[in-house]
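A short write-up of the structure that comes next.
The values are calculated or read from the model by the stated rules, or taken from the named source; none is laboratory data. Note that this is a predicted model, so its numbers are computed, not measured. Methodologically, a virtual Cβ is constructed for each residue, glycine included, from the backbone with ideal geometry; neighbour enumeration extends over all protein chains shown.
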Amino acid sequence: MISPSSFKNAFLGVIPSTILTASPEGIPNVAYLSQVYLLNETQLGLTTQFFNKTKSNISTNPHCTVRVYDPDNFCAYEIEAKFSHTESDGPLFSQLAKKFDAIADYSGASHFFKLQSIEVLNIVNIEKIGNEAYSSEEASVPLPTRRTAIDLDSLQRVCERVSEAKTLEDLFDSILKAIDWEFGLRHSMILMKQGDTDRLYTISTRGYDQFGVGSEVKIGEGVIGRAAEMKVPFAHASLPREILYARATAPSPHQNSSDSVVQYAIPLPGLKTSCSQMAIPIVLRGELLGVLFAESENIYEFRDSDESILKTLSHVLALAIQNLQLSHDFEIVDAASPAVAGPKVRPSKEKLIFSYFQKEDCILLNGEYLIRNVPARILWRMLKEYQMQGKTEFTNRELRMDAWLQLPEVKDNLETRLILLRKRLEKKCPLVSIISSGRGRIALVVSGDITLSEN
């Protein structure tokens, strides 16, 4: 019998499958399946939502035929199967339910489009039909030409870029640039976990029109959030084109009451017609650090080799993040060594009104959302000391020792928080910036007329 793993791409859901069942009286029924899951070499899994007739048939007449199609060559495979049992809880159900829910999150149907159960089928026999069933028009559907093997030379060049990074910001930007140049993954982003919270925040992006640094994803929601929650890769080869990213709608820029601040958000960058997505968790010794995400407008863009590449790079990235964080954690400021002079400030009369909302823990700039949580507190501390004392020089050590900032005593991720703050200021407020002014030193550069208000 043909091994089902020899045509495993047929189980990615790129081409809809069919299942033929019959009632005890012999009345046939054919239903389309969005995806058939290959559980192992001897079993298939069917996810059921609106599956009443098929489910009724196999519960009374367990014999059925499933037809799947290989998107690489359009060959069809008829799988003779027999119903085994239904699972509505347990590890298998939980794993598939989370993958299914990730799509429902994007479609906005998560409140009613839930996985009801998994019908487990035992494989009896497999027959290859070939692609004669396709018309010439169907057989010529263009699919992306992607690599089928890992290019070790390209992988080596990416790793070299990682090893050359001197800061976390260099690391994040260089690895996204490298996987674009070397592997053709044009749209990607890196998200980092926010301390002990249930959130990921976007720290670096590539290939998007939107500036999404600072946008957040809740762990457990969507493809990215579920990859983070389970610490396993999540991939979709054929997302429906009508599924769009959920977008947070910000209120009017002039509306700045504390009751409305919680509505401010940064939209997550993304392709409006995303058809292929892959989210790879960045994990080190069992601890989630973040997620490496890539997507494409093409159906079936990613192959096994792409997943292997990103999984390998996620491990390299995890080690590089740890090494750079440790190097920054142990930076010692030499008091006898003067700080490096920053850029000359060109005074500006432009008024900059920074408003800090304690309850929401966020800062608004001229009524528009700027940043929140720890990066917001860091900026607020710097701005207050600048306004009160004219102070512009700060050290990593004093920030870590500042109890008001509420940095964790262990693994405070100060450097990634400063990267986020720096990029948000570059985008939203170029008249205020933070720069490195020496080993373990940070300089605040202000060229506008600032006003601070606390709510």
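As an exercise: evaluate Glu426 against (1) at pLDDT 85 or above; (2) touching a Gly at 6+ places or on another chain (Cβ under 9 Å); (3) more than 30 Å from Arg285 (Cα to Cα) and give the number of the one condition it does not meet.
(2)
Listed residues Leu176, Leu200, Leu185; which is buried (at least 17 other Cβ atoms within 10 Å of the Cβ) and either over 17 Å from the mean Cα position of the chain (by Cα) or assigned to a loop (DSSP other than H, G, I, E, B) (or both)?
Leu185
Looking only at the stretch 433-440, decide whether some residue is of a type outside the set (A, V, I, L, M, F, W, C), surrounded by fewer than 17 Cβ atoms within 10 Å (Cβ to Cβ), free of Cβ contacts under 8 Å to residues at least 40 places away in the same chain and part of a loop (DSSP other than H, G, I, E, B).
No.
Exactly one of these conditions fails for Leu191: (1) in contact with a Ser or Thr (Cβ under 7 Å, 6 or more places away or on another chain); (2) surrounded by fewer than 17 Cβ atoms within 10 Å (Cβ to Cβ). Give me its number.
(2)
Yes/no matrix, rows are residues, columns are (1) among the basic types (Lys, Arg); (2) more than 17 Å from Ile19 (Cα to Cα); (3) touching a Ser or Thr at 6+ places or on another chain (Cβ under 8 Å); (4) surrounded by fewer than 18 Cβ atoms within 10 Å (Cβ to Cβ):
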{"site": "Pro71", "(1), (2), (3), (4)": "no, yes, no, no"}
{"site": "Phe74", "(1), (2), (3), (4)": "no, yes, no, no"}
{"site": "Thr86", "(1), (2), (3), (4)": "no, no, yes, yes"}
{"site": "Leu96", "(1), (2), (3), (4)": "no, yes, yes, no"}
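Cβ-Cβ below 7 Å, separation at least six or inter-chain, first residue in the stretch 1-22 and closer than 15 Å to Glu80 by Cβ, second in a helix (DSSP H, G or I): which pairs?
Ile19/Thr54; Thr21/Thr54; Thr21/Asn57; Thr21/Ile58; Ala22/Asn57
Which pairs have Cβ atoms under 6 Å, sit 6 or more apart or on different chains, and link a residue in the stretch 208-232 that is closer than 17 Å to Leu96 by Cβ and in contact (Cβ under 8 Å) with a residue 24 or more places away in the chain to one that is assigned to a loop (DSSP other than H, G, I, E, B) and aromatic (Phe, Trp, Tyr)?
none
So that you can scan it fast, the table gives a plain yes or no per residue for (1) modelled with pLDDT of 75 or more; (2) hydroxyl-bearing (Ser, Thr, Tyr):
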| position | (1), (2) |
| --- | --- |
| Ser107 | no, yes |
| Pro142 | no, no |
| Thr148 | no, yes |
| Asp151 | yes, no |
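Starting from the stretch 274-300, take each residue that is assigned by TED's automatic domain parsing to the domain that holds Phe234 and within 15 Å of Val14 (Cβ to Cβ) and list its partners that are surrounded by 24 or more Cβ atoms within 10 Å (Cβ to Cβ) and among the aromatic types (Phe, Trp, Tyr), counting only C-beta distances under 9 angstrom and pairs at least six apart or across chains.
Pairs found: Gln277/Phe293; Met278/Phe293.
Determine, yes or no, whether Arg439 is over 22 Å from Gln194 (Cα atoms) and at pLDDT below 95.
yes
For every residue, the table says whether it meets (1) at pLDDT 85 or above; (2) over 14 Å from Val120 (Cβ atoms).
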| residue | (1), (2) |
| --- | --- |
| Gly13 | no, yes |
| Ala31 | yes, yes |
| Ser34 | no, yes |
| Leu44 | yes, no |
| Thr48 | no, no |
| Arg67 | yes, yes |
| Cys75 | yes, yes |
| Lys82 | yes, no |
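Which of (1) modelled with pLDDT of 90 or more; (2) exposed (fewer than 13 other Cβ atoms within 10 Å of the Cβ); (3) of a type outside the set (Phe, Trp, Tyr); (4) in the same structural domain as Val68 (by TED's automatic domain parsing) is the odd one out, the single condition Glu160 does not satisfy?
Failed condition: (4).
Any residue in the stretch 68-92 that's within 29 Å of Phe302 (Cα to Cα) and assigned by TED's automatic domain parsing to the domain that holds Phe11: show its pairings with residues that are exposed (fewer than 14 other Cβ atoms within 10 Å of the Cβ) and of a type in the set (Gly, Ala, Ser) at Cβ separation under 6 Å, as long as the two are six or more apart or on different chains.
That search, which allows pairs on different chains as well, returns Phe74/Ala139; Cys75/Gly130; Ala76/Ala133.
Tell me the residue from Thr451, Thr416 that is surrounded by 21 or more Cβ atoms within 10 Å (Cβ to Cβ) and not in a loop (DSSP other than H, G, I, E, B), please.
Every option except Thr416 fails the conditions.
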